[in-house]
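The values are calculated or read from the model by the stated rules, or taken from the named source; none is laboratory data. Keep in mind that what you see is a predicted model, and the values were worked out from it rather than measured. Virtual Cβ from ideal backbone geometry, glycine too; neighbours counted across all protein chains shown.
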Amino acid sequence: MNETTVIGLLIAVLEFGTLLYLAALGETIAEKSGVLNLGVEGMMAMGGVAAFWAGVETGNPWVALLVGVIAGALFSAIHGVVAVVMGADQVVSGLALTIGGLGLAAFLGQDLVVQAPGARFEATNLGPLNDVPWIGEIVFDQTAVSWIALALGVIAWFVLTRTRVGLILRAVGESASAADSSGTSVVKTRMIAVMIGGALAGMSGAYLTLALAPGWSEGTTAGRGWIAVALVIFGAWQPGRVGLGALLFGGLLALEPRLQTFGVEVSPILLSMLPYLLTVGVLVVLSIRSRHRPSAAPAAIGQAYRREDR
Amino acid sequence: MPSPLAFEKRESPLRGGQIRAFAVGVVVALLLGSILLLVSGHDPIEVYTKMFDSAFGSRRGISTTLTRAVPLGLAGLAVAVAGSMGLWNIGAEGQIIAGAIGAAWIARLGPDLPGPLLITLMLVGAVVGGGFLALGPALAKSRLGVNEIITTLMLNEVAIRVVRYLVNGPWKDPEGNNFPIAPELPEQSALPALFERANIGLVIAAFVLLAFGVYTARSAWGYELRIAGSSESAATYAGISLKAKVFTVLLLSGAIAGLAGGIELTGSSDRLVEGVANGWGYAGIIVAALALMRPSGVAAVAIAFGAVQVGGLSIQTLGVPAAIASILQALILFGALSAAVFTNYRLVRRSTRSAAAAVAS
């Protein structure tokens with residue numbers, strides 16, 4: 001094991017961390033408002049295929065990223081209409097969003113599979129900063145999207161915990177009827193939260209097809225959307241903790257293809273189970289602890305709200 | 001600004017609402033699907049005709065449709081059994097894989113057993129395998145109240161990696177040209193054929209669905225299940241042990257999905273591969289939701305979804321990606337979910353509603 005392989009690993013940790021964090025941050029915001037969206041994988045695929053297509057058409061990575069974000073947000077609106085406005089079951093609607101999203105992305109992207117990337121994000125050029133040993137080589141050798149992810153995480157933390165908007169969002173997720181009584185539009189708040197979640201999942205998909213692994217193929221999201229769903233629980237619905245979780249799970253993803261380089265004899269496939277098993281473990285530990293104190297999960301998660309049922 | 005329209009609860013649910021909702025879902029899916037086909041330069045009429053023809057137009061087509069309906073129906077039943085108690089088993093996909101692994105394991109242990117005995121043991125292995133994967137979530141839910149949606153979902157990804165590990169490692173076929181596949185199953189482990197492409201698995205699945213349908217409708221056990229599903233306090237009041245019920249129901253749900261994996265392995269494939277579950281576990285959740293968690297409905301929706309999948313594969317010759325099948329299934333669900341809301345609610349103008357309320361008071 002030499003310095004170059006360690007640096008290569010740490011670069012990949014931040015790359016996979018970015019991918020997971022964007023999607024998980026979006027899901028955190030949706031779940032904070034009381035809406036579980038199991039459609040992350042489908043929204044990522046839609047954002048990924050749309051961004052890759054836009055990159056081929058325009059050659060501009062920023063335009064492509066924006067198209068991916070918009071595609072994710074628009075696609076998530078289906079879940080918003082069905083599960084929030086119509087009040088149908090969130091679990092089923094979200095799963096259908098994943099199935100339909102993977103299918104639609106494959107359908108729309110069938111001619112893109114053979115295409116060379118038209119645009120891609122390169123690591124930011126910060127001049128001499130890039131040459132600083134370790135820090136420069138790892139932290140500054142990332143694309144601008146990683147910095148955006150970090151900024152969005154800080155903004156999300158600030159808005160959720162320090163502002164009135166965040167208070168309203170959390171109130172809707174804790175008790176929709178109480179929030180409604182105090183004059184908040186539950187449907188509107190939840191709809192916006194779901195679409196922010198979709199936008200961030202779309203950005204995550206765009207990061208995948210424009211930066212992490214430029215290109216498009218069916219199944220390129222490879223179950224990372226499910227890791228994002230797991231991360232929200234792992235990080236106890238807090239943007240900061242979700243970020244730490246993203247680095248941990250991103251680390252596991254980065255380690256997977258490199259295990260043998262490090263001389264570890266364990267199959268990388270077995271290592272790849274860890275994020276899911278860890279999440280189950282965390283859930284069990286949390287539920288044992290929550291006997292003594294309230295659970296971290298938004299109380300109204302998964303419940304449709306209709307004023308008429310009150 | 002508040003929306004001018006509002007939902008108002010009907011005094012009694014619309015009769016036959018769910019069948020109507022399903023029909024609406026199918027129409028919505030076909031309409032939106034045809035827009036997608038038109039935009040991508042295909043003739044929707046030609047595509048849909050070919051889909052229908054390949055699924056129902058011949059004995060061979062019908063047999064393929066029914067064979068595809070078997071894992072969909074069993075996965076749907078697995079979800080429905082849990083769902084009738086208000087529990088979500090999102091883990092059918094992983095449990096199908098675990099079932100297939102269990103069955104394949106038996107075949108490795110006793111490759112020379114006579115056919116009927118080997119097949120029976122393999123199906124038992126499948127049931128045990130599926131139940132085993134549900135054991136953790138069942139224990140966690142019944143003992144600690146851990147959310148079963150997430151635990152079952154996470155174990156799907158674990159099961160996918162277990163089978164990937166097996167066919168890439170310890171169970172890899174040495175004569176498989178380095179493909180990630182397990183060795184071919186013994187010849188006598190194949191389920192006997194029924195007609196054309198259908199095999200005995202169809203009879204087994206139909207029997208299991210029928211048995212569950214009758215048993216849950218008629219027995220005290222089924223009655224308690226529905227009570228527990230409708231109200232926790234009512235169940236406790238009636239002296240039903242919720243913990244034990246939650247545990248058995250989730251375990252049973254996993255076992256049924258496992259059986260689907262066993263039938264798939266012994267019936268339709270000749271060896272264990274990574275893609276053995278083929279998304280049927282996830283599709284089964286949609287099937288169960290469309291069937292309102294009723295076994296009879298599960299059978300009907302499973303056949304419809306089997307037809308969509310067979311049709312989806314057939315139109316690849318027209319240059320249409322098979323992914324259209326997934327899109328149609330999701331659209332049917334979105335359409336039906338939205339339409340089903342009108343079984344219990346109707347849309348009214350806000351002004352008339354408040355006027356009516358004023359008159360009433």
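Some values worked out for this structure:
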read-out	value
Sole exception among (1) closer than 16 Å to B:LEU272 by Cβ; (2) without any contact (Cβ under 8 Å) to a residue 60 or more places away in the chain; (3) crowded, with 18+ Cβ neighbours inside 10 Å for B:LEU118, by number	(2)
Per-region count, the stretch B:82-115, residues over 17 Å from the mean Cα position of the chain (by Cα) and more than 19 Å from B:VAL208 (Cα to Cα)	14
Condition broken by A:VAL187, with the remaining ones in (1) surrounded by 18 or more Cβ atoms within 10 Å (Cβ to Cβ); (2) outside any helix (DSSP H, G or I); (3) within 14 Å of chain B (Cβ to nearest Cβ) satisfied	(2)
Residue under evaluation B:LEU272, criteria (1) at pLDDT below 95; (2) away from chain A (no Cβ under 11 Å), criterion not met	(1)
Subset of the stretch B:212-265 that is among the charged types (D, E, K, R) and under 19 Å from B:GLY136 (Cα atoms) - its residue that is surrounded by the most Cβ atoms within 10 Å (Cβ to Cβ)	B:LYS245
Only listed residue being within 14 Å of chain B (Cβ to nearest Cβ) and loosely packed, with under 14 Cβ neighbours inside 10 Å, chosen from A:ASP89, A:ASP111, A:ASP131	A:ASP111
Condition met for A:ILE70 (touching an Asp or Glu at 6+ places or on another chain (Cβ under 7 Å), of a type in the set (A, V, I, L, M, F, W, C) and farther than 17 Å from A:GLY215 by Cα)	no
Which numbered condition B:ALA322 misses (of (1) free of Cβ contacts under 8 Å to residues at least 40 places away in the same chain; (2) under 22 Å from A:GLY39 (Cβ atoms); (3) assigned to a helix (DSSP H, G or I))	(3)
Check on B:VAL310, more than 7 Å from every other protein chain (Cβ to nearest Cβ), over 28 Å from B:SER40 (Cα atoms) and touching a residue at least 12 places away in the same chain (Cβ under 8 Å)	no
Subset tally (residues that are farther than 12 Å from A:ILE196 by Cα and within 12 Å of chain B (Cβ to nearest Cβ)) for the stretch A:21-39	3
Only one of A:ALA51, A:ALA73, A:ALA77 that is outside any loop (DSSP other than H, G, I, E, B), more than 11 Å from every other protein chain (Cβ to nearest Cβ), aliphatic (A, V, I, L, M) and touching a Leu at 6+ places or on another chain (Cβ under 6 Å)	A:ALA51
In the stretch B:268-312, residue surrounded by the most Cβ atoms within 10 Å (Cβ to Cβ) [restricted to those that are closer than 19 Å to B:ASN199 by Cα and of a type in the set (Ser, Thr, Tyr)]	B:SER268
Check on A:VAL40, of a type in the set (A, V, I, L, M), crowded, with 24+ Cβ neighbours inside 10 Å and touching a Ser or Thr at 6+ places or on another chain (Cβ under 8 Å)	yes
Any chance A:GLY281 is part of a helix (DSSP H, G or I), over 18 Å from the mean Cα position of the chain (by Cα) and within 13 Å of another protein chain (Cβ to nearest Cβ)	yes
Residue in the stretch B:335-349 that is modelled with pLDDT under 90, part of a helix (DSSP H, G or I) and of a type in the set (Val, Ile, Thr) present	yes
Candidates A:SER177, A:SER204, A:SER217 - the one that is part of a loop (DSSP other than H, G, I, E, B) and either within 14 Å of chain B (Cβ to nearest Cβ) or within 25 Å of A:ALA77 (Cα to Cα) (or both)	A:SER217
Verdict on B:ARG108 being among the basic types (Lys, Arg) and over 13 Å from B:LEU185 (Cα atoms)	no
Only listed residue being more than 14 Å from every other protein chain (Cβ to nearest Cβ) and either on the phi > 0 side of the Ramachandran plot or crowded, with 24+ Cβ neighbours inside 10 Å (or both), chosen from B:ALA98, B:ALA126	B:ALA126
Whichever residue in the stretch A:108-130 is in a helix (DSSP H, G or I) and over 23 Å from the mean Cα position of the chain (by Cα) and, among such residues, is nearest to A:GLU15 (Cα to Cα)	A:ASN130
Flag for A:GLY173 being farther than 29 Å from A:ALA50 by Cα and either touching a His at 6+ places or on another chain (Cβ under 6 Å) or touching a residue at least 24 places away in the same chain (Cβ under 8 Å) (or both)	yes
Qualifying residue in the stretch A:254-275 (condition: without any contact (Cβ under 8 Å) to a residue 60 or more places away in the chain, of a type in the set (S, T, N, Q) and in a helix (DSSP H, G or I))	no
Of the criteria (1) assigned to a helix (DSSP H, G or I); (2) touching an Asp or Glu at 6+ places or on another chain (Cβ under 7 Å), which one A:LEU65 fails	(2)
Residues within the stretch B:144-188 that are small (Gly, Ala, Ser), more than 30 Å from B:ALA244 (Cα to Cα) and facing chain A (nearest Cβ under 8 Å), tallied	1
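Here is a yes/no grid of residues against (1) more than 27 Å from A:PRO239 (Cα to Cα); (2) free of Cβ contacts under 8 Å to residues at least 40 places away in the same chain:
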site	(1), (2)
A:ASN60	yes, no
A:LEU74	no, no
A:LEU97	no, no
A:VAL113	yes, no
A:ASP131	yes, yes
A:GLY153	no, no
A:ALA156	no, no
